[in-house]
Amino acid sequence: MTSQGITVAIDGPAGAGKSTVAKRVAESLQYTLVDTGAIYRAVALLADERGIAWDDDAALGPLVLGLDINFRFDNGKNHVWLAGRDVTEAIRTPRISLGASSVSARPIVRDGLLALQRRLAGGRGAVLEGRDIGTVVFPEAPVKIYLDASDEERARRRHRELLAKGQPLAFEQVLAEQRQRDAQDQNRAVAPLKPAADAVRLDCTQLSIDEVVAAILTVVRKRGG
Ligand code: DC
């Protein structure tokens, strides 16, 4: 696989900067970019539209197996297409964030999405960002990065993002909700958020995006990507 690129797994909690960093790394290497969180979000959206509850395993199983999702870069943005429909914005609402968190705790959903995530990586050079890429989806990935930052710093970034979108929330509320999500992600029974034993851990509390991207590209080059 060396000549065509390698698999780069980027995991970590919400707000650590994974999306920005993963996009920059993929662009720089001309690798495929797979935002696995967007896949869980698409499942939640589709379930909502079909009147399926986010804990209805019997209905979620077939929905996941029939998921028709693709990613396409357009004007520097990674667009998410669901059955021929651009859902890039629709999957980012607070309701769908909640739904994604719920469906991602269902083993039937996680298992059902494994083959899809591996297929989207396409056996070529790919950057996948998520929570369990280095531990479950691609445990053999030659590059595994665990991106973290202090919870205050992650909440500050999220708070700024929401303000910019015209959704002002008290910082304390953003921090409290984030701590709750972190606890859910880290304590769920299946594929909990944790660094793979062989992951390179980057704490980006004090690092700029450029520094994080450069550090990851150095690791990729060392591993033959
Ligand atoms: O990264 P994000 O906020 O778009 O992720 C949405 C949800 O999906 C979040 O609750 C964590 C979950 N998720 C997961 O469990 N495993 C992944 N590989 C990616 C996301």
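The values are calculated or read from the model by the stated rules, or taken from the named source; none is laboratory data. The model shown is predicted, which means the values in this text are computed figures rather than measured ones. All Cβ positions, even for glycine, are placed from backbone atoms using ideal geometry, and neighbour counts span all protein chains on display. All accessible areas refer to the heavy atoms of the entire protein, side chains included, with ligands and DNA or RNA removed. Shrake-Rupley method; radii C 1.70, N 1.55, O 1.52, S 1.80 Å.
For the reader, a short list of remarks on this structure follows.
- The listed residues are Leu147, Leu163, and the only one of them that is at pLDDT 90 or above and either part of a helix (DSSP H, G or I) or more than 19 Å from the chain's Cα centre (by Cα) (or both) turns out to be Leu163.
- Residue check, Val87 β-branched (Val, Ile, Thr), at pLDDT 95 or above and near the ligand (Cβ under 10 Å from one of its atoms): no
- Counting residues in region 154-174 that are surrounded by 17 or more Cβ atoms within 10 Å (Cβ to Cβ), in contact with a Cys (Cβ under 8 Å, 6 or more places away or on another chain) and either touching a residue at least 12 places away in the same chain (Cβ under 8 Å) or more than 26 Å from Gln117 (Cα to Cα) (or both) gives zero.
- Positions within region 33-44 being out of contact with any Leu (no Cβ under 7 Å at 6 or more places or on another chain) and either touching a residue at least 60 places away in the same chain (Cβ under 8 Å) or more than 10 Å from the ligand (Cβ to nearest atom) (or both), in sequence order: Leu33, Asp35, Gly37, Tyr40
- Residue that is surrounded by the most Cβ atoms within 10 Å (Cβ to Cβ), among those in region 2-23 that are more than 10 Å from the ligand (Cβ to nearest atom) and at positive phi: Gly17
- Residues of region 195-225 classified as in a loop (DSSP other than H, G, I, E, B) and under 16 Å from Glu129 (Cβ atoms), total: 5
- Complete set of residues in region 203-225 that are open to solvent by less than 30 Å² (accessible area, probe 1.4 Å) and touching a strand residue (DSSP E or B) at 6+ places or on another chain (Cβ under 9 Å): Cys204, Val212, Ile216, Val219, Val220
- When the residues of region 177-219 are filtered to those that are aliphatic (A, V, I, L, M) and within 16 Å of the ligand (Cβ to nearest atom), the one that is farthest from the chain's Cα centre (by Cα) is Ala189.
- Hey, Ala196 in contact with a strand residue (DSSP E or B) (Cβ under 9 Å, 6 or more places away or on another chain) and surrounded by 12 or more Cβ atoms within 10 Å (Cβ to Cβ) or not: yes
- Take the conditions (1) within 13 Å of the ligand (Cβ to nearest atom); (2) in contact with a Lys or Arg (Cβ under 7 Å, 6 or more places away or on another chain); (3) over 30 Å from Ala58 (Cα atoms); Ser101 misses just one of them, which is (3).
- If you go through region 117-143 and keep only what is open to solvent by 10 Å² or more (accessible area, probe 1.4 Å), part of a helix (DSSP H, G or I) and either touching a Leu at 6+ places or on another chain (Cβ under 7 Å) or not basic (Lys, Arg) (or both), you end up with Leu120, Thr135, Val136.
- The residue list Asp182, Asp148 contains one member that is open to solvent by 40 Å² or more (accessible area, probe 1.4 Å), acidic (Asp, Glu) and closer than 25 Å to Val8 by Cβ, which is Asp148.
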